[in-house]
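The values are calculated or read from the model by the stated rules, or taken from the named source; none is laboratory data. Worth saying up front: this structure is predicted, and the values here are computed from it rather than measured. Here the Cβ positions follow ideal geometry from the backbone for every residue, glycine too, while neighbour counts run over all protein chains shown.
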Amino acid sequence: MSDFLAMGGYAGYVWSSVAIFVGVLAIDFISPRLRRRRVLAELRGRARRQQRKSTENPTP
Amino acid sequence: MNKLTLWFHTLGSPPYFHRLAGRLAPWLFAGAVLFAAAGLYGGLVVAPPDYQQSDAYRIIFVHVPSAWMSLFIYFVMAVNAFIALVWRIKLAEVLAMACAPIGAAFTVITLATGAIWGKPMWGTWWTWDARLTSELVLLFLYLGVIGLYQAIEDRRQAARAAAFLALIGIVNVPIVHFSVKWWNTLHQGSTVRLLGPSAIDASMLWPLLLVALATKLWFVASLLVRARVELLALEGGKEWARAEAQRAEGTP
């Protein structure tokens, strides 16, 4: 096991490369989800504002 | 209309695409994680050390699939950009723009892991050879497309302007690919070939191809998720988008 982690003395190089691969793709996974949450919240806010406007000034 | 054209038109409809992509993406992500885990296990544990580079060569299992994706995604982006410019299909604009951040992510991985591999093997993090420089230009092209898309207020005009830049930038793709042939580079030539035998042992090839497959699935999944969000933002005033926002209320 420790042999495996040591990577023949190249542990720092190999493991940091794998970490970058996993880390960057994790960001790629999360960022559209955060944006989706923002967009949906914004759409709901817009809908609420419209509803309020139509109850305050009902069209005759 | 024949069946294929009809299906194409249905697919281009934002609510339909939104629904379909939402259903497909989780499976594609799951497949990508599964194949990546198997490939990395094969590459980091099962495959023997290289006779020259010892265990340092194992960086290949993340570096090379990412490098392939950095070019492949650019190609997909350019094809969608072409469709967007010629036929003005909204979904093609959205797909082209959704490609850019994913391509940039894979290009960053390629450059970073390449530098980390270069340090122990070449004795330097970076050198201005043709392969490295053209890959850096690829990153700047992706960033240029993202930047241009963000800089213009009108979303559809922004998409068309950025699509135009994406289309011009396609000249860089063959330059990256053939740079190791055309110039005398420090970077090595291709070891895996589609035509003809590969100069890599089978014990190292199968993990590499598994990770490559994983990155392909990941790209499609991420593309679908990103395109969904973009469509929601673009079609915010339409009934289906409002319904989706109401439906998502309460669920995180």
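Listed values, structure above:
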| quantity | calculated |
| --- | --- |
| One residue from B:L139, B:L111 being farther than 25 Å from B:H18 by Cβ and in contact with a Ser or Thr (Cβ under 7 Å, 6 or more places away or on another chain) | B:L139 |
| Condition met for A:A6 (aliphatic (A, V, I, L, M), surrounded by 12 or more Cβ atoms within 10 Å (Cβ to Cβ), more than 7 Å from chain B (Cβ to nearest Cβ) and under 19 Å from B:D50 (Cα atoms)) | yes |
| Selection status of B:A47, more than 8 Å from chain A (Cβ to nearest Cβ), crowded, with 21+ Cβ neighbours inside 10 Å and under 26 Å from B:L139 (Cα atoms) | no |
| Test set (1) within 13 Å of chain A (Cβ to nearest Cβ); (2) of a type in the set (V, I, T); (3) over 26 Å from A:A11 (Cβ atoms) - B:T5 fails condition number | (1) |
| Criterion: surrounded by fewer than 20 Cβ atoms within 10 Å (Cβ to Cβ), within 13 Å of another protein chain (Cβ to nearest Cβ) and part of a helix (DSSP H, G or I) - qualifying residue of B:M69, B:M121 | B:M121 |
| Tally of residues being out of contact with any Lys or Arg (no Cβ under 9 Å at 6 or more places or on another chain), more than 22 Å from B:V62 (Cβ to Cβ) and within 7 Å of another protein chain (Cβ to nearest Cβ) across the stretch A:10-39 | 1 |
| The stretch B:145-170, residues that are in contact with a Phe, Trp or Tyr (Cβ under 7 Å, 6 or more places away or on another chain) and within 13 Å of B:L234 (Cα to Cα) | B:A158, B:A159 |
| Residue in the stretch B:1-44 that is modelled with the lowest pLDDT, counting only those that are crowded, with 18+ Cβ neighbours inside 10 Å and farther than 20 Å from B:L205 by Cβ | B:P14 |
| Test for B:A96: is it more than 14 Å from every other protein chain (Cβ to nearest Cβ), touching an Asp or Glu at 6+ places or on another chain (Cβ under 6 Å) and part of a helix (DSSP H, G or I) | no |
| Helices (runs of 4 or more DSSP H) completely within the stretch B:148-252 that count 1 or more residues being within 14 Å of chain A (Cβ to nearest Cβ) and either aromatic (F, W, Y) or touching a residue at least 60 places away in the same chain (Cβ under 8 Å) (or both) | B:155-168, B:202-234, B:239-247 |
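Results for (1) more than 30 Å from B:W122 (Cβ to Cβ); (2) in contact with a strand residue (DSSP E or B) (Cβ under 6 Å, 6 or more places away or on another chain); (3) in a helix (DSSP H, G or I); (4) in contact (Cβ under 8 Å) with a residue 24 or more places away in the chain, shown as yes or no for each residue.
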{"position": "A:S17", "(1), (2), (3), (4)": "no, no, yes, no"}
{"position": "A:D28", "(1), (2), (3), (4)": "no, no, yes, no"}
{"position": "A:L40", "(1), (2), (3), (4)": "yes, no, yes, no"}
{"position": "A:R44", "(1), (2), (3), (4)": "yes, no, yes, no"}
{"position": "A:P58", "(1), (2), (3), (4)": "yes, no, no, no"}
